[in-house]
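Colleague: Submitted below is the structure of interest, expressed as C-alpha cells.
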Amino acid sequence: FDHPMLKLGGIDAVLAAWREREPRTEGIEYLFLDEAQFIRDWGTWVKHQIDFIKDRRIVFTGSATPLLEADQESGVGRWHAIRITTLSFYEYLHIKQLALPELPPLRSLRHLFDWTAPDFYRVTELAAPYTGHFHEYLVRGGFPQTAQIESVAQAQRLLREDIIDKVLKRDMTALFGVRRILDLEHTFLYLCMHDGGLLDMTDLCSNLQVKRPTAQHFIELLEATHLIYRLPPFGYGKDVLRARYKVYLADAAISSAVLLKGKNILDDPTALGVATETAVFRHLFARYYAQQVRFTYWRGKQEREVDVVAEVGGQIVPFEVKYRTQHTGVRELKGLMELCQQKNISRGYVVTKALDDFGLLAGTPEGINIMRLPAPLLCYWMGEAELYSNQE
C-alpha cells in the first residue's frame, strides 16, 4: 500500500475492485496486505473486519512499530504480532538452493556439551564448504533479493538504496514526521562506522553537530524501524541508566553496503570480526526473543568485556566472539572467565573462526565449561532452530 494509486483509493476501493475481478468462493478468505502502515485508520478497519466478517483472515506486513502502536486498544484479542528479522544463514543457504553436505540438527547449544571428540571431528569435516558461503552471507545480507543477485556489488547497491531511500527518506518522513532527514542519515552513517561498539553520545553529537536530545530521538527512531539493536550493560538499577549502550546493525551487510566497502571487509580482520559479531547477535536475538530473553553486554575491571550476555529462565549464558585465525585459549578470554567466576556461571560459549577450533575449551577453572563454536555453525544451527521452533 505504498503505491500512490492504492493510497489514494483506499483499502475498501481496492477490495471492491478485486471483488469485481475475482468471484467469491466458499471457505476462508485470506488477505495479504503489504506496507500496511500506509493504510489510513487501519486499526479501526481491522476491528470492523474481524467483528463483522468472520470468514476472512488478514495478514499485514510493514514497519512493525507504527502498526503495533496505532489503535492498540482496538487490537486486544484481535491480532497477533510476529517480528520478522532478516534471513538467517540457514534460510540464506536454502533460498540459494545450494547443494551442501547435510549437518546434523541441533535444537539447543547445550547438547554440544554431550558430544564426543569424533562428533566434533565429523561435523568439522562436513562443514568445510560452509565457511565461504558464510562470508558471502556477511557481505550480501539476509535479504531475499540480495541473496539471489549474482553480483555482490549490485546486491549491496540494492541494499543501500532500499535502506537510505526507502526507510530513511520515505518511511521516516511519512510515519514519524522526521524533517531533518540529512541529520538522521548522518546519524545512521555514524552508527554504521561504529557497528558493534559502545555508543558515545558525546562523540556523536560533536562530530555531527547535533544536540543530544535530537541524536537520542534519531537513535530511538532507528531502533523503532528495526535498523539497529541496542544492548544495555549487564545489571540493573541506576548504574545501567548512566552507562553506555552497545549498538548492532540489524544485518551484518548493512555497514559494508552503506559505506561502499564491498567485499573488502573479507580482507580486513577487524571489519570481518565486527560483521561476524553482528551476525552472531542477530541469530541469537531471532532465535530467543520470543522467549523474553534479556540481552546485555558485560564490562568488568581493566576494560574486560563479554560481547553478549543472555539472561533466560534465571540462567546467565555469556557469548564471546573471537573471529580470528589463531585458536582461542583461556588467556584470550579473561573477561569471560571473570564474569563466569563472579556470577557462578557454569556454561558459556566462545564463537571462533576456524572450523577445527571447535569443542570444549581446555584449562578452564573447575566448574566452568566453555564451548568453542565456529561462527558458521552457530549461525546455521540458530537459524535452523529458529525455523523449527516457530513451526512447533
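The values are calculated or read from the model by the stated rules, or taken from the named source; none is laboratory data. Worth saying up front: this structure is predicted, and the values here are computed from it rather than measured. A quick note on method: Cβ atoms are made from the backbone with ideal geometry, for glycine too, and the neighbour counts reach across all protein chains shown.
Colleague: Which members of region 80-107 meet the condition of being polar (S, T, N, Q) and out of contact with any Leu (no Cβ under 9 Å at 6 or more places or on another chain)?
Modeller: Those that are polar (S, T, N, Q) and out of contact with any Leu (no Cβ under 9 Å at 6 or more places or on another chain): Thr85, Thr86, Gln97.
Colleague: In contact (Cβ under 8 Å) with a residue 60 or more places away in the chain, out of contact with any Pro (no Cβ under 8 Å at 6 or more places or on another chain) and either of a type in the set (D, E, K, R) or in a loop (DSSP other than H, G, I, E, B) (or both): which single residue out of Glu91, Glu102 fits that description? Break it down into steps so the answer makes sense when it comes.
Modeller: On the way: Glu102 fails: in contact (Cβ under 8 Å) with a residue 60 or more places away in the chain.
Just one listed residue meets the conditions, Glu91.
Colleague: Go over the candidates Ile219, Ile228 one by one and state the one that is at pLDDT 90 or above, of a type in the set (Val, Ile, Thr) and in contact with a strand residue (DSSP E or B) (Cβ under 7 Å, 6 or more places away or on another chain).
Modeller: Within the list Ile219, Ile228, the selection yields Ile228.
Colleague: Sticking with this structure for a sec: Please enumerate the residues belonging to region 1-26 that are closer than 22 Å to His80 by Cα and either among the polar types (S, T, N, Q) or at pLDDT 75 or above (or both).
Modeller: From region 1-26, those closer than 22 Å to His80 by Cα are 1, 11; that's our starting set.
The answer is Ile11, and nothing else.
Colleague: Would you say Glu136 is free of Cβ contacts under 8 Å to residues at least 24 places away in the same chain, part of a helix (DSSP H, G or I) and within 19 Å of Gly383 (Cβ to Cβ)? Working first, answer last.
Modeller: Working: free of Cβ contacts under 8 Å to residues at least 24 places away in the same chain: yes; part of a helix (DSSP H, G or I): yes; within 19 Å of Gly383 (Cβ to Cβ): yes.
Yes; evaluated as a whole, the condition is true for this residue.
Colleague: Next question, about the same structure. Please tell me if Lys169 is in contact with an Asp or Glu (Cβ under 9 Å, 6 or more places away or on another chain), in the same structural domain as Phe143 (by TED's automatic domain parsing), crowded, with 17+ Cβ neighbours inside 10 Å and of a type in the set (Lys, Arg). Even if it seems obvious, please write down each step before you answer.
Modeller: On the way: in contact with an Asp or Glu (Cβ under 9 Å, 6 or more places away or on another chain): yes; in the same structural domain as Phe143 (by TED's automatic domain parsing): yes; crowded, with 17+ Cβ neighbours inside 10 Å: no; of a type in the set (Lys, Arg): yes.
Taking the combined requirement at face value, the residue does not satisfy it.
Colleague: While we're on this one: Looking at this structure, is Glu384 in a loop (DSSP other than H, G, I, E, B) and either more than 21 Å from Thr124 (Cβ to Cβ) or not basic (Lys, Arg) (or both)? Let's see the steps before the verdict.
Modeller: On the way: in a loop (DSSP other than H, G, I, E, B): no; either more than 21 Å from Thr124 (Cβ to Cβ) or not basic (Lys, Arg) (or both): yes.
No, not satisfied.
Colleague: Looking only at region 138-161, which residues are within 20 Å of the chain's Cα centre (by Cα), surrounded by fewer than 15 Cβ atoms within 10 Å (Cβ to Cβ) and among the charged types (D, E, K, R)?
Modeller: Glu161
Colleague: List the number of the failed condition for Ala127; all other conditions in (1) without any contact (Cβ under 8 Å) to a residue 24 or more places away in the chain; (2) within 19 Å of Met382 (Cβ to Cβ) hold.
Modeller: Unmet for Ala127, out of (1) without any contact (Cβ under 8 Å) to a residue 24 or more places away in the chain; (2) within 19 Å of Met382 (Cβ to Cβ): (1).
Colleague: Looking at region 125-161 only, could you name the residues that are under 14 Å from Ser88 (Cα atoms), in contact with a Lys or Arg (Cβ under 9 Å, 6 or more places away or on another chain) and among the hydroxyl-bearing types (Ser, Thr, Tyr)?
Modeller: Thr146
Colleague: Please go through region 1-51 and give me each residue that is in contact (Cβ under 8 Å) with a residue 24 or more places away in the chain, β-branched (Val, Ile, Thr) and part of a loop (DSSP other than H, G, I, E, B), ordered by number.
Modeller: The answer is Ile28, Ile39.
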